[in-house]
1. Looking at the structure I just gave you, is Thr68 assigned to a helix (DSSP H, G or I), over 18 Å from Cys28 (Cα atoms) and of a type outside the set (Gly, Ala, Ser)?
2. Are there any pairs, at least 6 apart or on different chains, whose C-beta atoms fall under 7 Å, with the first in region 96-119 and at pLDDT 95 or above and the second aromatic (Phe, Trp, Tyr) and not in a strand (DSSP E or B), and if so, which?
3. Considering only residues that are in contact with an Asp or Glu (Cβ under 6 Å, 6 or more places away or on another chain) and either surrounded by fewer than 12 Cβ atoms within 10 Å (Cβ to Cβ) or assigned to a loop (DSSP other than H, G, I, E, B) (or both), which ones fall in region 71-84?
4. Could you give every pair whose Cβ atoms fall below 7 Å, whose first residue belongs to region 127-148 and is closer than 11 Å to Met194 by Cα and open to solvent by less than 100 Å² (accessible area, probe 1.4 Å), and whose second residue is modelled with pLDDT of 90 or more and basic (Lys, Arg), counting only separations of at least 6 or pairs across chains?
5. Which of the numbered conditions does Glu91 fail, given that it passes all the others? Conditions: (1) modelled with pLDDT of 95 or more; (2) surrounded by fewer than 16 Cβ atoms within 10 Å (Cβ to Cβ); (3) under 24 Å from Lys193 (Cβ atoms).
6. Does region 101-108 contain at least one residue that is touching a Lys or Arg at 6+ places or on another chain (Cβ under 7 Å), open to solvent by 40 Å² or more (accessible area, probe 1.4 Å) and within 30 Å of Met220 (Cα to Cα)?
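The values are calculated or read from the model by the stated rules, or taken from the named source; none is laboratory data. All figures in this text were calculated on a predicted structure; none of them were measured in a lab. We place every Cβ from the backbone using ideal geometry, glycine too, and count neighbours over all the protein chains shown. Just so you know, the surface numbers come from the protein's heavy atoms only, side chains and all, with ligands and any DNA or RNA stripped out. Shrake-Rupley method; radii C 1.70, N 1.55, O 1.52, S 1.80 Å.
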Amino acid sequence: LRPLTYRIPKCLVPIRGVPLLDYWFDLCERHGIDEVLINLHYLADKVLSFLQLRRGELRKRNIKVITTYEPELLGSAGTIFANRSFVDPDEDFLICNADDLTDADLTDLVEFHRSHEMPLTMGLFETDEPQRCGIAELDEEGMIVSFEEKPQNPRTNLANAGIYVARYSIFNYIPRKIPCDIGYDLLPKLVGKMKGRLIRGRLIDIGTPESYRIANEVWM
């Protein structure tokens with residue numbers, strides 16, 4: 001999204017005049033999520049200033065926000081492992097890419113996750129550009145039997161939505177390397193040990209100028 005992201009972190013780019021993180025806080029409130037950890041690196045001061053401005057509003061919404069700053073990028077999976085103390089060993093937790101725009105039914109995803117015993121549930125959406133996404137193949141019971149990040153010859157059009165529900169046991173599968181990526185380093189280890197669920201709702205990856213333009217045109 002350059003040059004926009006030269007001065008604004010992607011999680012704060014405006015959609016119809018509203019910073020993206022505000023949409024995530026709306027989603028959290030709607031689904032009863034009252035504690036959120038935000039990992040910071042690029043333009044961290046901008047996010048901290050935004051959260052300071054929203055402090056009173058978040059208190060009214062009963063959303064507690066914790067931030068952690070990462071001076072060295074640990075990778076998406078490395079970040080999860082480094083912040084494992086945030087998670088109660090007896091509770092499921094959500095992992096969300098905050099640079100997507102979505103109104104996904106998080107409650108439905110959590111309820112589906114609690115219907116099985118696997119360490120992870122991956123939210124999925126149908127894509128017209130599978131070569132640009134992590135692509136999953138499901139069996140008849142919803143088990144993910146193959147996963148490939150940005151495949152040249154995709155087997156399906158079921159793409160990773162960047163929204164997961166996990167159990168504490170997920171930390172046993174995260175490789176001890178830096179950087180450590182969810183798509184390339186963690187998810188291949190979970191093939192046959194995780195399930196997929198089509199998200200109910202819309203999802204737009206705003207990572208390109210074209211998709212960002214579309215999001216601003218169609219989102220209500």
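1. Criteria not met by Thr68.
2. Pairs that qualify, where the first residue is at pLDDT 95 or above and the partner is aromatic (Phe, Trp, Tyr) and not in a strand (DSSP E or B), are Pro119/Tyr173.
3. So the first thing to find is which residues in region 71-84 are in contact with an Asp or Glu (Cβ under 6 Å, 6 or more places away or on another chain), and the list is 75-77.
Across region 71-84, the qualifying residue is only Gly75.
4. Gly142/Lys195; Gly142/Arg197; Met143/Lys195; Ile144/Lys195
5. (1)
6. yes
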